[in-house]
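Chemist: Handing you this structure, nothing more for now.
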Amino acid sequence: MKITFHKVVNSLPTAPVADGLYVVKVAGTTDFNLFVTDASGIPHKLPDGYIPPLTDGNPRIAQALSGFGWLWGGWTPVHTANTGLLDRGWVLAHRMTAPQMTTGLVGGQMDLLLNGHFGRQIVYARECRARVIFGWRVKVNGTVVATRDLTDNYYERRTNLGNETILEYDQKHGQISWNYVRNNVPFGASIEIEYRCRYQISGVQTNAYGRIIAGYGRELSALFVPRKSIMSI
């Protein structure tokens, strides 16, 4: 949204325009005060000496995060019998702070685009089937604003191997991804992304062995787009 520039010689009008920037002359001096108005038209004085930057549009700010180290404490236990759907719980994967823009936009907000993946997963499945379901949730200032369990889950099946004792595994990296858009994120907000891993071992036969590890090398990119900016002065 564009901030409209207004020049006032002596004082603010009784009904300021919403989303406006006013330059107000201090009577009897050569000084000026700067005011911005919010969406309700309420004026807010900017700090003395503050100079709003000139922009040619909404400044976009990108952040990229990586996470190393296996989540959920490493490997699951070894399973040799069928299990139900086991939940390893929610763990913090990424944390960031929304930019505190210096455009003087009091109470400003941003739109946020997130794109991430769960990193590397290793699955051992001998004489059994292994199913893994990942989920994610986003917190803004400690409040959960979105939760998803991915329907595109990971599935590995290795059965009817006879008396084979060699353990083989399947490894995937960055192939289970997600994205999310959140509007109206406050400037300077604390943003946390948590992941959940659920899994199930089934179809167990003689000499079964199943276990997983996940979450290494996870990555997240974030794009912040202010909903308002000063276009020109």
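Chemist: Tell me whether the range 100-120 contains one or more residues that are assigned by TED's automatic domain parsing to the domain that holds Ile191, part of a loop (DSSP other than H, G, I, E, B), modelled with pLDDT of 90 or more and surrounded by fewer than 17 Cβ atoms within 10 Å (Cβ to Cβ).
Modeler: Within the range 100-120, none of the residues are assigned by TED's automatic domain parsing to the domain that holds Ile191, part of a loop (DSSP other than H, G, I, E, B), modelled with pLDDT of 90 or more and surrounded by fewer than 17 Cβ atoms within 10 Å (Cβ to Cβ).
Chemist: Any residue that is at pLDDT 90 or above and either surrounded by fewer than 19 Cβ atoms within 10 Å (Cβ to Cβ) or assigned to a strand (DSSP E or B) (or both) - is there at least one of those in the range 160-178?
Modeler: Within the range 160-178, the subset at pLDDT 90 or above is 178.
Keeping just the survivors that are either surrounded by fewer than 19 Cβ atoms within 10 Å (Cβ to Cβ) or assigned to a strand (DSSP E or B) (or both) gives 178.
Checked against the condition, which is being at pLDDT 90 or above and either surrounded by fewer than 19 Cβ atoms within 10 Å (Cβ to Cβ) or assigned to a strand (DSSP E or B) (or both), the range 160-178 yields at least one hit.
Chemist: In this structure, is Asn183 in contact with an Asp or Glu (Cβ under 6 Å, 6 or more places away or on another chain) and either assigned by TED's automatic domain parsing to the domain that holds Cys128 or at pLDDT 90 or above (or both)?
Modeler: Values: in contact with an Asp or Glu (Cβ under 6 Å, 6 or more places away or on another chain): yes; either assigned by TED's automatic domain parsing to the domain that holds Cys128 or at pLDDT 90 or above (or both): yes.
The answer is yes for Asn183.
Chemist: Oh, and also: Please specify each residue of the range 73-96 satisfying the condition of being over 14 Å from Gly210 (Cβ atoms) and in contact (Cβ under 8 Å) with a residue 24 or more places away in the chain. I'd like the intermediate steps shown before the answer.
Modeler: Within the range 73-96, the subset over 14 Å from Gly210 (Cβ atoms) is 73-74, 87-96.
Of everything in the range 73-96, those that are over 14 Å from Gly210 (Cβ atoms) and in contact (Cβ under 8 Å) with a residue 24 or more places away in the chain turn out to be Gly74, Asp87, Arg88, Gly89, Trp90, Val91, Leu92, Ala93, His94, Arg95, Met96.
Chemist: Is at least one residue of the range 33-52 at pLDDT below 70, outside the structural domain of Phe187 (by TED's automatic domain parsing), assigned to a loop (DSSP other than H, G, I, E, B) and surrounded by 13 or more Cβ atoms within 10 Å (Cβ to Cβ)?
Modeler: Yes: the range 33-52 contains one or more residues that are at pLDDT below 70, outside the structural domain of Phe187 (by TED's automatic domain parsing), assigned to a loop (DSSP other than H, G, I, E, B) and surrounded by 13 or more Cβ atoms within 10 Å (Cβ to Cβ).
Chemist: For Arg157, state whether it is in a strand (DSSP E or B), in contact with a Phe, Trp or Tyr (Cβ under 7 Å, 6 or more places away or on another chain), farther than 26 Å from Thr97 by Cβ and at pLDDT below 95.
Modeler: Numbers: in a strand (DSSP E or B): yes; in contact with a Phe, Trp or Tyr (Cβ under 7 Å, 6 or more places away or on another chain): no; farther than 26 Å from Thr97 by Cβ: yes; at pLDDT below 95: yes.
Spelling it out, it is not the case that Arg157 is in a strand (DSSP E or B), in contact with a Phe, Trp or Tyr (Cβ under 7 Å, 6 or more places away or on another chain), farther than 26 Å from Thr97 by Cβ and at pLDDT below 95.
Chemist: Can you name the number of the only condition in (1) modelled with pLDDT of 75 or more; (2) surrounded by 17 or more Cβ atoms within 10 Å (Cβ to Cβ); (3) within 29 Å of the chain's Cα centre (by Cα) that His79 fails?
Modeler: All conditions are met except number (3).
The values are calculated or read from the model by the stated rules, or taken from the named source; none is laboratory data. These figures come from a predicted structure and were not determined experimentally. Positions of Cβ are backbone-derived with ideal geometry, glycine not excepted, and every protein chain shown enters the neighbour counts.
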